[in-house]
Amino acid sequence: MNGKVVGTFLVVTALVVGGAIYWLQVFAYYEPVRFVPGDEIRLTPIENAVPEAIAVENIEGIDGTSSPLRFRACFTTRLSQEMLTETYRAYPDPVPTIAPYWFDCFDAKAIGAALEKGEARAFLSQKDIAPQIDRVVAVFPDGRAYAWHQVQPEAPEGIEN
């Protein structure tokens, strides 16, 4: 009889702790981002290293204080891929990070597949938004765009990152 009580206690405790850990990872540390109108998203020009604001619409984003990699944003822009490519720095090796399932405008797998196929193009938004972390923006031909934070790619030997 005591074994059943102890076993039940262990199972219930494990379920409560597991549920708490899940909630903490998926919900607790995320907050909506409050963007400054007219200065929501920046891209770094080819000519200099000072990011410039670009025109965006319908922006929504999330971020968390527990990690610099928790930032995600979805928006649209009227700027064409061609104009962006001629004006702003391309980002090498963009890898979108998975967003929580409830932030459903951001599909990292679809964005990553589009980047691999060349359908979307990635640009450097801001270098070192946190130590060794860059903000990356991917833009589709129809104006849909997405932003996330990513660990900086390794620079080849002898080249400063």
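The values are calculated or read from the model by the stated rules, or taken from the named source; none is laboratory data. In this text the structure is predicted, and so the values were computed from the model without any measurement. Please note: Cβ atoms are built from the backbone with ideal geometry, for glycine as well, and neighbour counts cover all protein chains shown.
Among the residues of the range 63-89, write down those that are surrounded by fewer than 20 Cβ atoms within 10 Å (Cβ to Cβ), in contact with a helix residue (DSSP H, G or I) (Cβ under 9 Å, 6 or more places away or on another chain) and under 18 Å from D134 (Cβ atoms).
Result: D63, G64.
Which one of these does K109 not meet: (1) surrounded by 13 or more Cβ atoms within 10 Å (Cβ to Cβ); (2) within 14 Å of the chain's Cα centre (by Cα); (3) within 18 Å of V151 (Cα to Cα)?
With respect to (1) surrounded by 13 or more Cβ atoms within 10 Å (Cβ to Cβ); (2) within 14 Å of the chain's Cα centre (by Cα); (3) within 18 Å of V151 (Cα to Cα), K109 is out only on (1).
Within the range 66-100, which residues are over 15 Å from A122 (Cβ atoms), of a type in the set (A, V, I, L, M) and within 10 Å of the chain's Cα centre (by Cα)?
Answer for the range 66-100, where residues must be over 15 Å from A122 (Cβ atoms), of a type in the set (A, V, I, L, M) and within 10 Å of the chain's Cα centre (by Cα): L69, I98, A99.
Residues in the range 45-61 that are of a type in the set (V, I, T) and in contact with a helix residue (DSSP H, G or I) (Cβ under 7 Å, 6 or more places away or on another chain): how many?
Within the range 45-61, residues that are of a type in the set (V, I, T) and in contact with a helix residue (DSSP H, G or I) (Cβ under 7 Å, 6 or more places away or on another chain) number 1.
Filtering the range 126-161 down to residues that are of a type outside the set (V, I, T) and either touching a His at 6+ places or on another chain (Cβ under 9 Å) or on the phi > 0 side of the Ramachandran plot (or both), which residue is modelled with the lowest pLDDT?
G158
Across the range 10-38, what is the number of residues that are at pLDDT 85 or above and surrounded by 10 or more Cβ atoms within 10 Å (Cβ to Cβ)?
The number of residues fulfilling the criteria is 12.
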